[in-house]
Amino acid sequence: MESRANLASLLDLLVVLAENAKLLLLGPLLVGLLALGVSFTLPQQFVSEAILAVPATPQPPPQAASLMRSPLVLDPVVAAFDLAKSRSVNQARQELADAVKSSVGKDGLLRLNVTGPSPAQAQALANAVIDAWVKTTKPTEQDRKDLETRLTYAKASLEGASGLLARLSKESAGYLAQPLTRGEAGTTLASVGELQSRYLNEVLTVTRSLQGLSRDVVVQPPTLPTEHVSPKKSLITVLAALAAGFALLLWIFIRQSWRGLATQPDAANKLGLLRAALKINAFGVAKS
């Protein structure tokens with residue numbers, strides 16, 4: 001019995017689809033054609049591309065890519081180009097964030113793509129994003145104080161390690177000629193030399209962090225695009241047609257269910273009351 005009921009339901013579904021086949025075919029087709037026509041009227045967009053070689057300090061490349069789409073970078077660009085003159089700052093920032101794409105490739109280089117309504121605007125926005133991001137690499141006042149303290153200790157340690165290495169090298173000159181003491185003296189010198197290299201690296205790293213980055217990290221400046229980026233007309237058409245088909249299918253099933261309920265006595269009475277209530281509310285007529 002259950003299999004027969006399922007078969008009957010399937011047949012009913014097929015009958016409904018067959019009765020509305022023209023609507024389900026022509027509706028999405030017309031909507032798709034309309035979407036295709038609208039896609040030809042969309043404004044042209046241009047993409048400016050830039051490539052940056054971002055060092056590991058003070059900002060690793062993945063962190064730099066994320067910051068380029070953050071309010072810390074976008075808000076100064078919004079203010080510089082007065083992008084919020086006819087809308088809120090949040091709306092202007094979101095629109096600019098959608099136009100900025102930043103990613104790190106397998107080669108470790110950061111690629112920045114900025115979309116604008118004209119070639120010059122796209123290039124100018126890309127340069128502004130880079131300039132705003134470069135400012136974020138500069139340390140804050142408190143960070144600067146901490147870095148300066150680290151740098152002082154690192155320089156003092158480097159100076160001490162360098163002096164110790166020079167003294168040991170001088171004192172060990174005679175011992176290195178003796179086979180029994182050569183290995184021990186050489187090991188000590190190597191350890192001090194490794195310590196010196198570590199402090200030197202610390203000095204260079206902290207110094208770089210204090211200075212921040214500059215536009216020297218830009219390998220390829222933002223380009224001036226010569227061709228516009230065509231909107232994805234085929235994708236827009238297909239998505240519009242699919243959405244229209246789904247909406248029509250849902251409407252057909254709801255209409256069929258409504259008609260089925262109207263044939264049942266209890267449901268018909270309730271539907272009559274519902275229609276009456278909707279009519280009364282629509283015209284503002286109160287029941288007596």
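Candidates are the residues of region 71-123 that are in contact (Cβ under 8 Å) with a residue 60 or more places away in the chain and among the β-branched types (Val, Ile, Thr); the one that is farthest from Gln44 (Cα to Cα) is Val73.
Filter region 185-220 down to the residues that are in contact with a strand residue (DSSP E or B) (Cβ under 6 Å, 6 or more places away or on another chain) and buried (at least 16 other Cβ atoms within 10 Å of the Cβ) and list them by number. Val217, Val218, listed by residue number. For Asp146, the conditions (1) part of a helix (DSSP H, G or I); (2) more than 27 Å from Val54 (Cβ to Cβ); (3) at pLDDT below 80 all hold with the exception of (2). Summed over region 229-249, residues that are surrounded by fewer than 15 Cβ atoms within 10 Å (Cβ to Cβ) and either in a helix (DSSP H, G or I) or of a type outside the set (Val, Ile, Thr) (or both) total 9.
Does Gln59 qualify as being surrounded by 11 or more Cβ atoms within 10 Å (Cβ to Cβ), modelled with pLDDT under 90 and closer than 17 Å to Asp131 by Cβ? Taking the combined requirement at face value, the residue satisfies it.
When each of Ala154, Ala80, Ala166, Ala161 is tested for being farther than 23 Å from Ala65 by Cα and exposed (fewer than 14 other Cβ atoms within 10 Å of the Cβ), the lone residue that passes is Ala166. Residues of region 61-112 that are of a type outside the set (Lys, Arg) and assigned to a strand (DSSP E or B): Val100, Ser102, Ser103, Val104, Leu110, Leu112. Mind checking which pairs have a first residue in region 15-26 that is in contact (Cβ under 8 Å) with a residue 12 or more places away in the chain and a second that is assigned to a helix (DSSP H, G or I) and not hydrophobic (A, V, I, L, M, F, W, C), Cβ under 6 Å, 6 or more apart or different chains? Within 6 Å, the pairs are Val16/Gln256.
Table: residues versus (1) under 23 Å from Asp216 (Cα atoms); (2) touching a Ser or Thr at 6+ places or on another chain (Cβ under 8 Å).
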| position | (1), (2) |
| --- | --- |
| Ser70 | yes, no |
| Ser88 | no, no |
| Leu112 | yes, yes |
| Pro117 | no, no |
| Ala120 | yes, no |
| Ala132 | yes, no |
| Thr137 | yes, no |
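Pairing residues of region 228-248 that are modelled with pLDDT under 80 with residues that are part of a loop (DSSP other than H, G, I, E, B), at Cβ distances under 7 Å and at least 6 apart in sequence or on separate chains, gives His228/Gln44; Pro231/Leu42.
For region 37-56, filtered to residues that are crowded, with 17+ Cβ neighbours inside 10 Å and hydroxyl-bearing (Ser, Thr, Tyr), the residue that is nearest to Ala132 (Cα to Cα) is Ser48.
The values are calculated or read from the model by the stated rules, or taken from the named source; none is laboratory data. Bear in mind that the values here come from a model prediction, so they are computed numbers and not experimental data. With ideal geometry, Cβ positions are generated from the backbone for all residues, glycine too; neighbour counts draw on all protein chains shown.
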